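A short write-up of the structure that comes next.
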Amino acid sequence: MNFKKYQIALFMFVITVFSLFFAEHGILPVSGNRKTVIVIDAGHGLPDGGAVGKSGTPESDINLEVSLLLQKELESRGYEIIMTRRDENGIYKNAGGSIKEKKREDMKNRLGIAQKSHADLFISIHMNFFGEANSSGPQVFYKAGSESGERAAVCIRESFIKNIGSHCTREIKPVTDGIYLLREVKIPAVLVECGFLSNPDEETLLLTPGYQIKMSNAIANGIDEYFKN
C-alpha cells in the first residue's frame, strides 16, 4: 500500500470510529452545510390540560405560550425548529376515543415526530406542581445515561441562574423510567419544568408575558451554550 492509499484508509478509519462514538453516546454532530435542528414539544394539549394552577389555568396553555416564544427566539438565532403542536389541542386523530386512548396516541405521535426529525436536540416544555405551595423554581430533566442530554441540562440550568435569578437552585435530574418521551427518544433530549403552578406567586409570574419571554430567552441562551461546546 503506497502512502496516499494509507492516508485514505486512516482517514476512513478515524471517521468510522467517531461515527460509532457519536451514535453510542447519542450525540449527533452538526454538518457545516445545514442548520441545527431542534424539536420543541409543548407538553400536554387538550383534552389533557396537565396540571391546573390556583387560578384555574391549565398547564398546557402556558407550555404552548413559552414554546412558541422559544421557537421565535431560536429561529431568530438561526436554528431550524420543529414543533410537536402549535395550538391548544393534543396530537391525535381518534376523536371518539377515551382521554386515555387520546393521550396514548398523542405520546406516540410526539415520539414519532422526534424520531423522524433526526434533530440535534429535543426539548419538552412543562410546568411543575407539588403539594407544598412554597415549592418554586425551574428544573431540568434528562435521559439517564445520555452524556449529551446531561450537558444540555447543565447549560440550561446555568442559564436560569444567570438570567432568571440565583434562586434557580434546583439540580438537574436523570430520568430512567418515569417520563415516556425521555425514555424512548433516540436523540439528545431534555424536559424543562419552568416553575410551579402550585405556588400562587410563581403561577402569577408564569402567566406574565414578560416573564414568559425571560424564561424562553434563558432556555435559548442555554441551548446556545450547549451547541458552542
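Please treat every number below as a calculation from the coordinates, not as lab data. Just so you know, these numbers come straight off a predicted model, no measurement behind them. Note that each Cβ is placed from the backbone with ideal geometry, even for glycine, and that neighbours are counted across all protein chains shown.
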Over the chain, what relative contact order in percent results from Cα pairs under 8 Å that are six or more residues apart? 24 percent
How many angstrom separate the Cα center of the range 80-132 from the Cα center of the range 196-229? 20 Å
Percent of beta bridges antiparallel (DSSP, the range 39-228, rounded to nearest 5): 25 percent
Would you please give the residues with an amide H less than 5 Å from that of Met127, counting only those at least 5 places away or on a separate chain, with H modeled from the backbone geometry? Cys194
Helix-only mean residue ellipticity at 222 nm, the chain, DSSP H runs n ≥ 4 weighted -39,500 (n - 2.57), per residue, nearest 500. What is it? -15500 deg cm²/dmol
Modelling each spin label as a point 7 Å along the Cα-to-Cβ direction, I'd like the Ile99/Phe227 distance in nm, to one decimal. 3.8 nm
Entries in Lys108/Lys173; Lys54/Lys186; Lys103/Lys143; Lys103/Lys162; Lys116/Lys143; Lys100/Lys214 that, when Cα-Cα distance is taken, lie over 25 Å: Lys54/Lys186; Lys103/Lys162; Lys100/Lys214
Would you kindly derive the ³J(HN,Hα) couplings of the range 194-201 from the backbone phi angles with the Karplus curve 6.51 cos²θ - 1.76 cosθ + 1.60 (θ = phi - 60°), listing them in order in whole Hz, with x for Gly and Pro? 6, x, 9, 6, 6, 9, x, 5
At least 15 Å along the helix axis (C-alpha) and Kyte average at least 0.0, DSSP helices within the chain: 3-24
Whole-number D in µm²/s for the chain (Stokes-Einstein; Kirkwood sum over Cα pairs; 25 °C, 0.890 mPa s): 132 µm²/s
Most exposed to least, judged by fewest other Cβ atoms within 10 Å, Asp87, Asp41 sort to Asp87, Asp41
